[in-house]
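Take a look at the structure set out below.
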Amino acid sequence: MKQENELTGIVLASGEGSRLQEVSQKLGLPKHLFPLGEESLIERTLKNMAPHCQQLVCITQKQFVSLFEEKLKHLPFEVQIVAKEKDGFIGDLEKARQMAQSSHILLTVGDLVFPSSAISEFIQRINIKKINLGLDRSAINFPKQMDLRIALVSFPKEMIELFLHINPEKHSQIIPRALKLLIQGKITVKWTRTLFNINTPDSYSEAQSFFNETRQ
């Protein structure tokens, strides 16, 4: 992707994190603000997006907007913290469509932890005319594990309509639609990498240990 092309980076941070409620209550924070080393999960992602994006947006729940604003105000770039108005993924996408000022949107979720170069590498390979799916190579360990997890996705703003009524966690919905768009030449698939998917207390503990060791 050429640098002159405008890009809005959007991080979804509205998930409930039900399996992390105990940790969340202990820290007094939603999972996306859990600390990892010297910064939070979402800080890492935003810092990796910032050099490439003309606009950064974090979509969360209404009750967390002021907390996110407080925790992210020290960052040396602007992040627009907004609340979605509808439940589910459709609420995230409708708010993304409303907020995005750029012609192309980069989307990820705030509970994934990426290697420092992964987001930049994905952005450099974006085809601005197509939907770009970034499949997480780390989630595939054939034949034991075959999780076709989408870690990053980018698309022209006008194509957001194609996703509005799809639940990305339901393969029965997303795979047929993705195959159809692939056949139509509207999708390009790329590999990316994550370090952790913070969705359980164990995964958070592993991530904490990893970042504590890397600081030593």
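With the highest mean first, a sort of the peptides 103-111, 38-46, 67-75 on other beta-carbon atoms found within 10 angstrom per residue produces 103-111, 38-46, 67-75.
For the pairs Lys31/Lys86; Lys26/Lys62; Lys95/Lys130; Lys47/Lys84; Lys47/Lys190; Lys71/Lys190, flag any whose C-alpha to C-alpha distance is greater than 27 Å. Distance filter (> 27 Å) returns Lys71/Lys190.
Segment Glu161..Lys186, full-extension length gain: 7.7 nm, with 0.36 nm per residue of separation and the alpha-carbon distance subtracted. Considering helices alone, the calculated mean residue ellipticity of the chain at 222 nm is -9500 deg cm²/dmol, with DSSP H runs of length four and up weighted by -39500 (n - 2.57) and normalised per residue.
In this simple spin-label approximation, Glu121 and Glu94 carry label points 7 Å from Cα along the Cα→Cβ vector, and these lie 3.8 nm apart. What's the angle, to the nearest 10 degrees (0 to 90), between helix 171-183's Cα axis and the longest principal axis of the chain? Once rounded, the angle reads 40 degrees. Tilt of helix 88-99 relative to the longest C-alpha principal axis of the chain, in degrees (0 to 90, nearest 10)? Approximately 80 degrees, to the nearest ten. Sorting the segments 112-124, 85-97 by their mean number of nearby beta carbons within 10 angstrom, highest to lowest, gives 112-124, 85-97.
Stretching the chain fully between Lys73 and Glu22 yields a gain of 15.7 nm (0.36 nm per residue, less the alpha carbon separation). Per residue, the average separation of C-alpha pairs within less than 8 Å and at least 6 apart gives the chain a relative contact order of 25 percent.
Values quoted throughout were computed directly from the atomic coordinates according to the rules given, and no laboratory measurement underlies them. All of these numbers come straight from a predicted model, not from anything done at the bench. Positions of Cβ are generated from backbone atoms using ideal geometry, with glycine treated the same way; all protein chains shown enter the neighbour counts.
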